[in-house]
1. For the subset of segment 291-307 comprising residues that are of a type in the set (V, I, T) and away from the ligand (no atom under 14 Å from the Cβ), which member is surrounded by the fewest Cβ atoms within 10 Å (Cβ to Cβ)?
2. Could we say that L224 is in a loop (DSSP other than H, G, I, E, B), outside the structural domain of L160 (by TED's automatic domain parsing), more than 10 Å from the ligand (Cβ to nearest atom) and closer than 20 Å to S327 by Cβ here?
3. Anything in segment 200-216 that is within 21 Å of W159 (Cβ to Cβ) and either at pLDDT 95 or above or hydrophobic (A, V, I, L, M, F, W, C) (or both)? List them, or say none.
4. Filter segment 139-158 down to the residues that are of a type in the set (D, E, K, R) and crowded, with 19+ Cβ neighbours inside 10 Å, then identify the one that is modelled with the highest pLDDT.
5. Would it be correct to say that L277 is modelled with pLDDT of 95 or more, within 11 Å of the ligand (Cβ to nearest atom) and crowded, with 17+ Cβ neighbours inside 10 Å?
6. Is it the case that segment 353-361 has a residue that's free of Cβ contacts under 8 Å to residues at least 40 places away in the same chain, touching a strand residue (DSSP E or B) at 6+ places or on another chain (Cβ under 8 Å) and within 11 Å of the ligand (Cβ to nearest atom)?
7. Among the listed residues M329, M288, which satisfies the condition of being touching a strand residue (DSSP E or B) at 6+ places or on another chain (Cβ under 9 Å) and either more than 14 Å from the ligand (Cβ to nearest atom) or not β-branched (V, I, T) (or both)?
8. Scanning segment 316-326 for residues that are farther than 22 Å from P103 by Cβ and surrounded by fewer than 17 Cβ atoms within 10 Å (Cβ to Cβ), which turns out nearest to the ligand (Cβ to nearest atom)?
Amino acid sequence: MLRGRILACSLLVVATSVVGCKRDLGECNLDGQTSDGRPIPGPAAFDIAYRLTDGLPMYEGQALVQSTCGDGAFCHAPAAVGADRIGVPAGLNFDVGLACTVPFDNCDDQGLPYAERLDRLYGNQNQINTWAEGMIQEMRAGAMPPGEAGRSVRNNTPWLRKSDGSELPPIESGDAQEIVRNWLACQAPVIARTEAPPSEALQLEPCQSVDNEICIYNGPEGDLPDPVWSDIYWSLMFTQCVICHGPSNGNNNADDPNPNNPFTTGEIPGGADANALAALDLSGANTMDTTTWPNESWAAVVNALTFDQGLCADDGTIVIPNNPTESIMIEKLRAMQTCGDSMPPGGSQTISDPLIQVVVDWINMGAPNN
Ligand code: HEC
């Protein structure tokens with residue numbers, strides 16, 4: 001299995017070294033109109049999508065490539081090393097995550113200074129432009145992202161298109177490939193920084209950009225769940241956590257019969273991290289039908305001690321009813337944990353405050369299995 005993954009992820013390099021000519025990328029549609037103002041059909045490189053859970057904006061092509069090629073953690077991400085690269089050679093990085101994401105990030109204080117983060121973003125954008133023909137050929141051939149391995153690692157959070165609020169199509173579809181092709185043909189423009197909008201009217205409008213860096217205000221967050229375990233489960237746990245805290249299953253394609261599954265493709269994420277699964281299993285008994293997963297996983301969360309062989313061994317309880325502050329899950333969501341990593345991993349908070357507050361509210365109601 002591992003050998004298969006390595007082969008799959010290295011295909012890109014092989015294929016691009018043999019073929020690759022600029023004309024494969026076709027025409028560039030930057031903003032939906034010609035220079036004299038006539039509309040051009042099809043996706044435009046400056047079309048914006050925002051992430052459902054926190055309103056983070058990206059250009060549609062940027063969002064598709066970022067969420068499937070590396071997302072700061074795997075394969076083509078600079079931070080991914082060893083097995084997390086799944087065979088991608090060192091240095092072949094396509095990380096176009098924003099250099100600063102307010103309200104989660106402090107542009108200068110946290111980790112790398114802002115200028116260095118911008119260097120990472122523009123350096124990886126250059127890499128993408130160098131490998132652009134190969135990327136589109138691999139996508140069309142269905143080899144990138146690499147099948148099962150690609151599905152098991154990528155970030156599943158849905159992205160909504162600014163144009164009509166619909167979900168960005170899955171990377172395997174012709175529509176998504178056309179978005180990426182056009183974005184590559186336009187030399188992969190990237191949003192570099194985001195700020196919180198001063199008013200609702202300004203959501204997703206440009207903010208103060210400096211030099212060639214593009215700044216866009218955050219978009220609206222998706223509907224917040226009710227403080228009810230099943231609602232929290234489908235909005236947050238299933239989309240953000242089950243990929244690591246769930247088993248690998250033969251069903252991350254399209255046939256979960258559960259109508260509550262939030263993914264339009266009916267995909268069931270899981271299998272990306274054995275340590276995470278050992279520490280906390282958020283799945284249910286039937287790996288082909290997720291209908292009962294919230295109900296069945298509740299006991300693994302509420303009044304459950306942390307895994308006795310993990311980084312949080314003997315550190316406490318995952319969710320303590322009526323005590324959110326001492327609940328390990330809330331500490332980790334807020335990136336204020338005393339053991340192990342923040343959740344999702346990466347060191348800083350990525351789930352928005354209002355969404356965490358819903359989980360806190362549920363815990364303050366006694367964290368029932370509802
Ligand atoms: C990319 C993989 C990954 C994702 C995504 C992820 N986790 Fe984790 N999680 C881990 C790993 C690895 C551990 C064990 C090490 C640690 O505690 O940091 C862990 C540990 C935990 C623990 C401690 C469990 C214990 O018994 O010690 C909690 C609670 C947790 N995660 C909650 C979440 C929540 C909630 C989400 C979604 C918002 C999430 N995780 C998403 C990888 C992940």
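The values are calculated or read from the model by the stated rules, or taken from the named source; none is laboratory data. Keep in mind that what you see is a predicted model, and the values were worked out from it rather than measured. Quick reminder, even Gly has a Cβ in these numbers, built from the backbone with ideal geometry, and neighbours come from all protein chains shown.
1. In the first step, residues of segment 291-307 are kept if they are of a type in the set (V, I, T); the result is 291-292, 301-302, 306.
Okay, now just the ones that are also away from the ligand (no atom under 14 Å from the Cβ), so 291-292.
Values: T291: 15, T292: 12.
My answer is T292.
2. Working: in a loop (DSSP other than H, G, I, E, B): yes; outside the structural domain of L160 (by TED's automatic domain parsing): yes; more than 10 Å from the ligand (Cβ to nearest atom): yes; closer than 20 Å to S327 by Cβ: yes.
When the stated conditions are applied, L224 passes them.
3. Filtering segment 200-216 down to residues within 21 Å of W159 (Cβ to Cβ) leaves 200, 202-207, 214-216.
Once the filter is applied, which keeps residues that are within 21 Å of W159 (Cβ to Cβ) and either at pLDDT 95 or above or hydrophobic (A, V, I, L, M, F, W, C) (or both), segment 200-216 yields L202, L204, C207, I214, C215, I216.
4. As a first pass, look at segment 139-158 and keep what is of a type in the set (D, E, K, R): 140, 148, 151, 154.
Going one step further and asking which of them are crowded, with 19+ Cβ neighbours inside 10 Å, we end up with 151, 154.
Values: R151: 52, R154: 58.
Selected residue: R154.
5. Details: modelled with pLDDT of 95 or more: yes; within 11 Å of the ligand (Cβ to nearest atom): yes; crowded, with 17+ Cβ neighbours inside 10 Å: yes.
For L277, the condition - modelled with pLDDT of 95 or more, within 11 Å of the ligand (Cβ to nearest atom) and crowded, with 17+ Cβ neighbours inside 10 Å - is met.
6. Initial filter on segment 353-361 (free of Cβ contacts under 8 Å to residues at least 40 places away in the same chain): 356-357, 360.
Now restrict to residues that are touching a strand residue (DSSP E or B) at 6+ places or on another chain (Cβ under 8 Å): none.
Checked segment 353-361: no residue is free of Cβ contacts under 8 Å to residues at least 40 places away in the same chain, touching a strand residue (DSSP E or B) at 6+ places or on another chain (Cβ under 8 Å) and within 11 Å of the ligand (Cβ to nearest atom).
7. Details: M288 fails: touching a strand residue (DSSP E or B) at 6+ places or on another chain (Cβ under 9 Å).
Just one listed residue meets the conditions, M329.
8. So the first thing to find is which residues in segment 316-326 are farther than 22 Å from P103 by Cβ, and the list is 316-323, 326.
Now restrict to residues that are surrounded by fewer than 17 Cβ atoms within 10 Å (Cβ to Cβ): 316, 321-323, 326.
Details: G316: 9, P321: 15, N322: 18, N323: 14, E326: 13 Å.
Looking at the filtered set, the residue picked out is G316.
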